[in-house]
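The values are calculated or read from the model by the stated rules, or taken from the named source; none is laboratory data. Because the structure is predicted, anything quoted here is derived from the model rather than measured. Cβ coordinates were reconstructed from backbone atoms using ideal geometry, including for glycine residues, and neighbour counts include every protein chain displayed. In case anyone asks, the SASA skips ligands and DNA or RNA and just uses the protein heavy atoms, side chains included. Shrake-Rupley method; radii C 1.70, N 1.55, O 1.52, S 1.80 Å.
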Amino acid sequence: MPDSTLTQAIKEAYASAPSNIIIYHTIELWHPAFSAPIRVVRDYVDLTATLEASAPRDASTAVTFVAFNFEFTKPEVSSTGLPEVTLTMDNVDRAIVANIEAALSTTDLVTVIYREFISSNLTAPQNNPPLSLIITSVVADLYKVTAVASFPNLMNKRFPTLEYSAETFVGLL
C-alpha cells in the first residue's frame, strides 16, 4: 500500500534512485526531562534541515541533526496487530544515556519523530506529517540502546472527540 504522507519528490527518489540525491533518515527524541531534543541523522556528517511548520518544537526552524548510526524499521502498513517500530542506536554517547536515565525516573513518555529529507530540498521533511510515536519499552547497555515504539494508545481517547453541549450546539435546546 502506498504511503500517502510522502511527497512526490521523495517518491521519485525512492523509485529511480538517482546518484545525485541522498535520502536522509532522521529521528527526534523528546521528553520533558531532556535539556534539549535529541536529533540524529543516519549519516556520516551532521545535517542542517528545516522542520515542518507543525513541529512541536522549533517549528519552521533550521536545526542540526547530529550524525549517528541507528536503525529504524517503519511499521508495516498491512500488519494486523498493533504497529510497532524498533529503534536501535549503537555506540550511544553519555549524553543520550543520561537523558534516557532522566526520562526513566518520571511517568512522562518519550516521543519519537521520524522525518525523511532529501538532499535537493532540505526546507521541509518529505514525509508530511512526520511519523510520531511513543516509546513503550527501552533496553540499554554500554554499547547500544534498543527501544520499541508504537502509536499513542487510541483506546484512551474520548469518542466522539466533540462534546455535544448546548453552549456549542445551540440547536440542542
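Note on the chain: GNM, Cα springs under 10 Å; of THR106, THR26, THR48, the largest mean-square fluctuation is that of THR106. For LEU109, the accessible area of its heavy atoms, probed at 1.4 Å with every protein chain present, is near 100 square angstrom. Under a model in which nothing but the beta-carbon of Lys, Arg (+1) and Asp, Glu (-1) is charged, the chain shows a dipole of about 100 debye around its Cα centre. Springs between Cα atoms under 10 Å define the GNM used for the chain, and in it the highest mean-square fluctuation of PRO125, PRO18, PRO75 occurs at PRO18.
For the stretch 1-144, the relative contact order is 29 percent, taking Cα pairs closer than 8 Å that sit 6 or more residues apart in sequence and dividing their mean separation by the residue count. Close amide H pairs (under 5 Å, H built 1.01 Å from N) link VAL110 with ILE135, residues at least 5 positions away or on another chain.
Across the protein chains, with a 1.4 Å probe defining accessible surface, the residues GLU28, GLU101 rank GLU101, GLU28 from largest area downward. Taking Cα atoms only, the orientation of helix 94-104 departs from the longest principal axis of the chain by about 20 degrees.
When shorter helices are ignored and each DSSP H run of at least 4 residues is given -39500 (n - 2.57), the per-residue value for the chain at 222 nm works out to -3500 deg cm²/dmol.
Connecting C-alpha atoms closer than 10 Å in a GNM of the chain, tell me which of ARG42, ARG115, ARG57 has the biggest fluctuation. With Cα springs under 10 Å in the chain, the top fluctuation among ARG42, ARG115, ARG57 is at ARG57. Close amide H partners of SER120, meaning residues 5 or more places away or on another chain with modelled amide H under 5 Å apart, are ILE22.
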